[in-house]
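Visitor: Supplied in structure tokens, the structure appears directly below.
The values are calculated or read from the model by the stated rules, or taken from the named source; none is laboratory data. On a predicted model such as this, the values are computed, not experimentally measured, just so you know. Please note: Cβ atoms are built from the backbone with ideal geometry, for glycine as well, and neighbour counts cover all protein chains shown.
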2 protein chains.
Amino acid sequence: MTAPAAQPFDAWVQDVQAQVERALETLLPAAATIPHKLHEAMRYTTLGGGKRIRPLLAYGSGALFGGEPAALARVAGAVEMIHVYSLVHDDMPCMDDDDLRRGKPTVHVAYDEATALLVGDALQAQAFQVLADIDTLPPARQVAMLRLLAQAAGSGGMCGGQAIDLDSVGLSLTRDELERMHQLKTGAMLRVSVILGALAGRDVSPPEMEALDAYSKAIGLAFQVVDDVLDATADSATLGKTAGKDAADNKPTYVSILGLEQSKELAEQLRREAHEALAPFGEQAQRLRELADLIVQRKA
Amino acid sequence: MTAPAAQPFDAWVQDVQAQVERALETLLPAAATIPHKLHEAMRYTTLGGGKRIRPLLAYGSGALFGGEPAALARVAGAVEMIHVYSLVHDDMPCMDDDDLRRGKPTVHVAYDEATALLVGDALQAQAFQVLADIDTLPPARQVAMLRLLAQAAGSGGMCGGQAIDLDSVGLSLTRDELERMHQLKTGAMLRVSVILGALAGRDVSPPEMEALDAYSKAIGLAFQVVDDVLDATADSATLGKTAGKDAADNKPTYVSILGLEQSKELAEQLRREAHEALAPFGEQAQRLRELADLIVQRKA
């Protein structure tokens, strides 16, 4: 790993994004291997786009915990694959029915629905394989990492959040209910990205885990609040996906519950909480601090 | 584990099926935990039905390799969850569009399509969690088991086979192509059930792995040949799913390529090959031998 703050943040982000792209290139099955179309579609939807927030978080805590580069690349690849699979399934007609993602036609549009279903299924399995194939970490830690990824992806994490989201269309959730939903839907995978990035370096002590959890919880919520703000204010071209969709779908959002200004204030407050959570790590946590700023200040 | 052949085979099968049912009851998230509907649907589709062929294979090789009971129950639960998730997704309108499975309405019929999508996604994650939560095996072996499960479930295994299957509708495959498709689609998960059952006991030597592979390959193909024979000859009530569907969907099958009689002969030949592969294990492999017979002689 590059030493913290050796580079300006923007250059570090670009550097990590390029590393993640290269890692995904090799961690995804080659399009030349059978079944070609499935592998091509897996690569189509995973490569060449996205903000790579989860990989950046993994690299950010990897920088703090001395992450081993090959393990970190696999952690970043695995969390991104889970994220991408969730987008592919979420975009399908039976879910959000979205045609545009990361500025490109979604998989069920570019290919077909059955392929989109299989692309998501195969990407999930691939994520676990990518973690299981790490050969530089103690096996007991690796088992723990696989367990954490499964928990974050499953019905007690991301899938559970999606299910609550589905059932809340047209309902008026309280702010607490909305928060719980997002803690599962996006928070669980953001948190596990931070934790797995740390574990790619060394064991994490209980107080360190607590600090990383507090940080993750704050940026997870901030991420969603900002998403809602952007959905209400940005245009589709900037977002690379259909804007204004949540309101059109009558989904509860922070903006619909708190209003636009209060939502922006909440995001800023969560950014400060994220910084405070990192205080015990001192200067070494610079990348995670900058990532909290990025999450709150992003424009897309 | 019960000593091999301590019970008549039928009683052993019923005993294992009951053990697997109890294991799944506790390995699946409780319906009382949030999100209720998702967990209820996961339990609806997984519990109370199915031949449990993959768990039986795991217990069969577990009996041979001295499988540790708690680990074996988790292996059986994990392979069944992957299988059930694949059925749920396969039954969806964008894939086979089937209304009936294991004699009950399919998940997208009993609930809705979005729930079916999430049930499958969450069951896949749960399978990896169930394996990762084993706490009685050496972690290095456990990592290997997680890797094998991911390979068998992903694009180089089950999902890959599904993708080839999708693309072969209306095409006339050669027998070799059909075999390759089924080795991925069903063979990979049947094989990994045998291997993981063995690894729940102890490390498997290369010659032992070779014998288990030869056995798995034979029963995997036999399973599919018999499936095709049953699809062409049995009725929906007996099968618990829609019969005659492959022919109606213009899918290549062993019956369409070889004819009914030759398909039956092939299944019988594969049964003998499975028995031969087990020769090195002697009497101890009795359950795996009986399972090969069950797979070929089943009526549903």
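Visitor: Anything in the stretch A:53-78 that is in contact (Cβ under 8 Å) with a residue 60 or more places away in the chain and aliphatic (A, V, I, L, M)? List them, or say none.
Guide: Across the stretch A:53-78, the qualifying residues are A:ILE53, A:LEU56, A:LEU57, A:ALA58, A:ALA63, A:LEU64, A:ALA70, A:ALA71, A:LEU72, A:VAL75, A:ALA76, A:ALA78.
Visitor: So, of the residues in the stretch B:6-32 that are in contact with a helix residue (DSSP H, G or I) (Cβ under 6 Å, 6 or more places away or on another chain) and either within 14 Å of another protein chain (Cβ to nearest Cβ) or modelled with pLDDT under 95 (or both), which turns out to be nearest to B:LEU131 (Cα to Cα)? Please lay out each step first, then the result.
Guide: Residues of the stretch B:6-32 that are in contact with a helix residue (DSSP H, G or I) (Cβ under 6 Å, 6 or more places away or on another chain), as a first pass: B:9, B:16, B:20, B:23-24, B:27-29, B:31.
The next check asks that each one be either within 14 Å of another protein chain (Cβ to nearest Cβ) or modelled with pLDDT under 95 (or both); those that pass are B:27-29, B:31.
Values: B:LEU27: 10, B:LEU28: 13, B:PRO29: 15, B:ALA31: 21 Å.
Once the filter is applied, the top-ranked residue is B:LEU27.
Visitor: Restricting to the stretch B:144-160, name every residue that is buried (at least 24 other Cβ atoms within 10 Å of the Cβ) and farther than 24 Å from A:ALA144 by Cα.
Guide: Listed by number, the residues that qualify are B:SER155, B:GLY157, B:MET158, B:CYS159, B:GLY160.
Visitor: A follow-up question, please. Could you give me the residue pairs with C-beta distances under 8 Å whose first residue belongs to the stretch A:34-52 and is without any contact (Cβ under 8 Å) to a residue 40 or more places away in the chain and surrounded by fewer than 16 Cβ atoms within 10 Å (Cβ to Cβ), whose second residue is hydrophobic (A, V, I, L, M, F, W, C) and outside any loop (DSSP other than H, G, I, E, B) wherever it lies, and which are 6+ apart or on separate chains?
Guide: That search, which allows pairs on different chains as well, returns A:LEU47/A:LEU24.
Visitor: Okay, next question. Go through (1) in contact (Cβ under 8 Å) with a residue 60 or more places away in the chain; (2) more than 15 Å from A:LEU196 (Cα to Cα); (3) touching a Leu at 6+ places or on another chain (Cβ under 7 Å) and name the single condition A:MET145 misses.
Guide: The failed condition is (2).
Visitor: Same structure again: Counting only residues that are within 13 Å of chain B (Cβ to nearest Cβ) and of a type in the set (Gly, Ala, Ser), how many does the stretch A:38-70 have?
Guide: Of the residues in the stretch A:38-70, 1 are within 13 Å of chain B (Cβ to nearest Cβ) and of a type in the set (Gly, Ala, Ser).
Visitor: Return the residues of the stretch A:102-156 that are in a loop (DSSP other than H, G, I, E, B) and within 8 Å of chain B (Cβ to nearest Cβ); say none if nothing qualifies.
Guide: Correct list: A:ASP112, A:ASP133, A:PRO138, A:GLY154, A:SER155, A:GLY156.
Visitor: Given the conditions (1) within 11 Å of chain A (Cβ to nearest Cβ); (2) of a type outside the set (A, V, I, L, M, F, W, C); (3) over 25 Å from A:LEU166 (Cα atoms), which single one is not true for B:PRO93?
Guide: (3)
Visitor: Which helices (runs of 4 or more DSSP H) does the stretch A:204-300 wholly contain that include 1 or more residues that are modelled with pLDDT of 90 or more?
Guide: A:206-233, A:254-258, A:260-277, A:286-297
Visitor: Within the stretch A:8-30, restricting attention to residues that are surrounded by 15 or more Cβ atoms within 10 Å (Cβ to Cβ) and free of Cβ contacts under 8 Å to residues at least 40 places away in the same chain, which residue is farthest from A:GLY187 (Cα to Cα)?
Guide: Out of the qualifying residues, it is A:GLU21.
Visitor: Modelled with pLDDT of 95 or more, under 18 Å from the mean Cα position of the chain (by Cα), of a type in the set (A, V, I, L, M, F, W, C) and more than 21 Å from B:PHE128 (Cβ to Cβ): is that true of B:LEU87 in this structure? Before the answer, list the steps.
Guide: Details: modelled with pLDDT of 95 or more: yes; under 18 Å from the mean Cα position of the chain (by Cα): yes; of a type in the set (A, V, I, L, M, F, W, C): yes; more than 21 Å from B:PHE128 (Cβ to Cβ): no.
Taking the combined requirement at face value, the residue does not satisfy it.
Visitor: Here's a follow-up. Give the residue that is surrounded by the most Cβ atoms within 10 Å (Cβ to Cβ), with candidates limited to residues of the stretch B:56-106 that are of a type in the set (Asp, Glu) and more than 21 Å from B:GLN17 (Cβ to Cβ). If you could, list the steps in order and put the result at the bottom.
Guide: First, the residues of the stretch B:56-106 that are of a type in the set (Asp, Glu): B:68, B:80, B:90-91, B:96-99.
After this cut, where a residue has to be more than 21 Å from B:GLN17 (Cβ to Cβ) as well, the list is B:90-91, B:96-99.
Details: B:ASP90: 20, B:ASP91: 24, B:ASP96: 22, B:ASP97: 14, B:ASP98: 18, B:ASP99: 14.
Ranking the candidates gives B:ASP91 first.
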